[in-house]
Every structure is written in C-alpha cells, then in structure tokens.
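Everything below concerns the one structure shown next.
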Amino acid sequence: MRLSTPLRSLAVTALALPLFAGCDPDKPGPTGPDNEGPVYAITTQVLTSDDPQSYVVLTDKMDHTEPLSLDQAIELPGRSLGVGIPKSGALFVAGNEGPTVTRYNLTDDGRLVAGATVSFAGEGVASIGEYQHQFQFISESKAYYFDGRTAKAIIWNPKEMTVTGSISLNGIAIEGAIQTFATLPVRLENQVIMPLGWRPAAGIGITKQAGVVVIDTRNDTATVVKDDRCGYVRDGVMGPDGKLYLATEVYGAAVYRVAGGETPKPCLLRFDPRTLEFDSSFYVELNTLANGGTVGTLLPGPQGTAYLRVLDEGVYSVTAGVHPRTVASAAAWKWWQLRFDNLTATPVAGLPATTGSTFIYEAGDRTLYTEFANGSTATSFRDLTDQSGTVKANLPGVSFSFVQLR
C-alpha cells in the first residue's frame, strides 16, 4: 500500500489494520476485557530513491530478537511524527506534508482508528517536521507545538482537536542562521524549557549563540534568554542543585573537531529556571571533562548524574575534509557519566560506542536510546537503564518518534 494523499485525507479503512508487528494478521494481539498489557507506537521514516515514506508500527513488547516488520504498519507520506501523552491510548500524527495533526485512538483489541484532525494553518504553519518533542503535552486538553519558521508556540487542545492560541517566541531568529529546537526539552512545574541551537544557513559552522525558551504554562507566556559564550547548546539536564546544565550537542562538537579555527568551543553552561538567567561565572569547556577529547551532548543519567558522548578516535579516524555530519553519525561515540557535585566524568564500561545522534525514550520501567545504522537504513533501540546497551528492538528506517500508548 502506498499513500500519497495528505494526512488528513487518509482512508479510515487503512487506519484500522491490525498493527502488532510480527503477529498473525488474523490475531493482532490480545483481545477482550483483560487486555491491559503495554502497547508501544514507533514511527519510522524509510528513505528510498522515491519519495520517503513513514510507517507507524505497534508492538506489545520491547524485547525482540527479530526486526519489527512493516507489513502491517500504517503507511504515511513523507516524514511523519507520532506523539502523545504516555499511556493515554491516543497517538497524534503530523508530518511535513501539511500543517495538520490527526488523532488516532487505540482500541481494546490493539488497533488504531482515525479520529479528528486539527490544522495549524491559521497560525501560519505550512508543515510539521523535526522532532517528536517539539510537541509538549501539558494536560489532556492543552499542548504546545514549537514552530521555528513562524517563531511561535501553537497552543492547541488535544481533546477537542482545536487551536486555542499561540505564543510569540520573539528573539529566536538570528539573521543568516538556521534555528533548531532541542530533542529533549526540560519539564518543570509550571515550566517548559526548550534549549535552542543555531548554525549558519550556508556552509559548515556553528553560530556562537546559546539560548533557551521558557514557557510559563500558567499564563502561556514565553521568555527567550541568550548567552554568547558558545554555540549549538541543544541539550539540557537538571542538576541536583536545581540549576539547568546545558551543553553543546554532538554535531557542534563534530564541527569544532573538523573545522576548528573560529568555531565556538563545545562548552557546558548553567541556567537558573527561577531567575531566568545564565550563570555568568560558570563556563566549562567540554573537552576538559574527557582528557582533551571531542565531547558533545548531555543526557539525563541516574541518581543526579548525566551522560556525555565522547568520540573514540581509535575506532573512527577523523580525516581531512570529512563532513561533521559523518563524524557525528559515526558509531564511535562512547558514553561517559558526569557527576554534578565535582564535575568529573568517567567512561561507562558496559555501554558500547554508538552513533552520536541519540534520542531517549521511556518504555515502562526501562529507558531506551536509539542507534541509527549507516545510511539511515535502520534504527535500534538499546537499553540504557542497566547500562548494558542491549538491543531491545530494531526496525527499518530512521525513527524519531516513540510513545507508550498503554
């Protein structure tokens, strides 16, 4: 089945197919009133010589020895995202084919059925892309969508499927630069904190600018705060001191390793969510945390720690003229664990070196991270909880969306 129509016109019959990957299509999963097991929705994009297609795959477990099949998946045009509130039984699908979001409801027998559609076109949105976490759900009746091209956070009601307003994000645009949002925003009581990154619109480089958008969810107001000491600071983790620590992402570190010169050094900054200010007295060059190595990305770790990614040049040699994206995508980025109390980092022995582009997802009581195969042909979900890196599932394509529906 190949669909080329916009998301809002997809046939309902196509959306009610049995979707449990690897199951008998006549028996899509446990049925009946006792069906209370978990259901996970993974949205993946398959890149081909033709137009790319996306697929929504459902599975009732995240422990597979064989690749998840796309045979019974919902096929969608272009790059699609599947988002939602964990364990709510609803998946909201959007993509780069248009400005719409369609709600799908999970039935008791493990099927997705199309519901209402909402359009963001009235707020100037032309299409929806980038990453899952640009959608932030505050409650079942209130959510935000962060849109860089309009410099707005669209406010919408996932229950009623209506747009209720928007918040201007004044200050996020920099002339001559492309702005991107974090892949893992920080949620605090009454706050959504979205780190920002910028890179030049032409050529290879990093804009020397860090920033965050802080939305007060009580009154739907936004504050944009910037810092000019380093760049591409798209990752943030809350420390035990109540401060937000922000670091240059792997791509920014790769640009510095390849280009050097005037490229901003990868760094660690500190931001106070209460005063909405960067700490001008706090600045750490990331390479000092790993014996001068190439360091980028900051991810949440256990017990008040964080993870850093450190390039192992014994596994991957950086050659002259290589593109930073190639370096960032190399399966050579080791995991190091950072302690906030003394700002020291040490390698995590059990976690294998993987690609630098990493997304974190919660699956029941497990935390998983992604690894993309060379050529973006497949995605593996690995176990981060026990620091083993064990592959729990894999499927074709590049997966930027993961939601536990039940």
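Quick note: the coordinates plus some simple rules give every number you see, no bench work behind them. Just so it is clear, the model here is predicted, and its values are computed rather than measured. Using ideal geometry, Cβ is built from the backbone for each residue, glycine included, and neighbour counts are taken over all protein chains shown.
Observations
- The chain - percent relative contact order, Cα under 8 Å, separation 6 or more: 14 percent
- Cross-link partners of residue 243 among lysines (Cα-Cα below 27 Å; sequence separation of 8 or more within a chain): 142, 152, 208, 226, 265, 334
- Summing Lys and Arg as +1 and Asp and Glu as -1 over all other residues whose Cβ lies under 12 Å from the Cβ of residue 385 gives a net charge of -1.
- Cα-centred dipole magnitude for the chain, charges only on beta-carbon of K, R (+1) and D, E (-1), debye, nearest 20: 620 debye
- The charge dipole of the range 174-358, taken about its Cα centre with unit charges on the Cβ atoms of Lys, Arg (+1), Asp and Glu (-1) only, comes to about 300 debye.
- Simple label model, 7 Å out from Cα along Cβ direction - residue 159 to residue 105, nm: 1.4 nm
- Length gained on full extension, residue 47 to residue 65, computed as 0.36 nm times the residue gap minus the Cα-Cα distance: 4.1 nm.
- Taking 0.36 nm per residue of separation and subtracting the current Cα-Cα distance, fully stretching the chain between residue 170 and residue 341 would add 58.1 nm.
- Relative contact order of the range 174-358, defined on C-alpha pairs under 8 angstrom at six or more residues apart (%): 15 percent
- Averaging the Cα positions of each part gives two centres, and for the range 249-264 and the range 326-375 these lie 19 Å apart.
- C-alpha long axis of helix 250-259 to longest principal axis of the chain, angle in °: 50 degrees
- Cβ crowding within 10 Å averaged over residues, with 147-158, 375-386 ranked highest first: 147-158, 375-386
- Given charges at Cβ of Lys, Arg, Asp, Glu: the chain dipole, positive-most of 157, 387, 195: 195
- Estimated at 0.36 nm per residue, the fully extended path between residue 373 and residue 391 surpasses their Cα-Cα distance by 5.2 nm.
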